Structures are given as C-alpha cells and as structure tokens.
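So the structure is just underneath, and the comments pick up after that.
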Amino acid sequence: MRAIITVIGQDHVGIIAEVATTLAQKHINIVDVSQTIMDQNFTMMLLGEWDEQVLSFTAVKQALETLGQQKQLTIRMQRESLFDAIQKV
C-alpha cells in the first residue's frame with residue numbers, strides 16, 4: 001500500500017520527528033518527502049509505503065488523525081492511486 005500524507009499547521013519544533021516516529025512505529029517507510037515553512041505555517045507532503053496485509057489503511061489514517069489532534073495539525077491521507085487519478089483530471 002502506498003499513500004500520500006499531508007501535514008499542515010502552525011510551525012513548531014518536532015513536527016517532522018513526531019510524524020516520522022508515528023510512521024516508524026507502524027513500520028511505514030517514507031519513500032519521498034517534501035516540506036516547507038511559509039510565514040510560520042508548516043506544510044509537508046510525503047509518500048508512505050507499507051504492507052496492507054499487516055496494517056490497514058484505516059488504522060494508519062486513525063493513528064495520524066489522532067496525532068494531528070494531539071499536536072494541533074491537520075493530517076490527511078489518501079491512497080496514492082486516488083491521488084494520481086485526481087491529478088490527471
């Protein structure tokens with residue numbers, strides 16, 4: 001399974017570490033990542049990859065949404081295939 005994960009919020013120390021730690025705990029590999037800070041607003045987009053036979057898309061999404069709520073971040077996730085299809089429209 002491959003999914004696009006976006007993270008948006010007010011910049012603070014540790015955002016990348018918090019997201020990466022959550023993904024690592026779930027055995028999710030970060031295949032590609034891009035991040036920037038614009039006027040104190042943090043934005044990150046990453047491509048994560050894992051075995052969906054071991055961990056469901058829903059479980060990952062829930063873990064990231066929980067992290068987002070705890071850290072006051074908006075974290076969204078969608079399947080890579082859906083993301084790619086939307087980009088072609």
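Each reported figure results from applying straightforward, stated rules to the coordinates on display, with no laboratory input. Since we're looking at a predicted model, the values are computed, not measured. Neighbour counts run over all protein chains shown; Cβ positions are idealised from the backbone, glycine included.
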Original post:
Counting Lys and Arg as +1 and Asp and Glu as -1, what is the net charge of the other residues whose Cβ lies under 15 Å from the Cβ of LEU67?
Top reply: +2
Original post:
From the phi of every residue in the range 37-51, what ³J(HN,Hα) in whole Hz does the Karplus formula 6.51 cos²θ - 1.76 cosθ + 1.60 yield, where θ is phi - 60° and glycine or proline is x?
Top reply: 10, 10, 6, 6, 9, 8, 9, 9, 10, 9, 10, x, 9, 7, 8
Original post:
Membrane-span-like helices in the chain: DSSP H runs reaching 18 Å or more (Cα, own axis), mean Kyte hydropathy at least 1.0?
Top reply: none
Original post:
About its Cα centre, how strong a charge dipole does the chain have in debye, to the nearest 20, once Lys and Arg get +1 and Asp and Glu get -1 at the Cβ?
Top reply: 180 debye
Original post:
From largest to smallest, what semi-axes in whole angstrom does the range 2-88 give when each is the square root of 5 times an eigenvalue of its alpha carbon gyration tensor?
Top reply: 21, 16, 11
Original post:
In deg cm²/dmol, rounded to 500, what helix-only [θ] at 222 nm does the chain give when every DSSP H run of at least 4 residues adds -39500 (n - 2.57) and the total is split over its residues?
Top reply: -12000 deg cm²/dmol
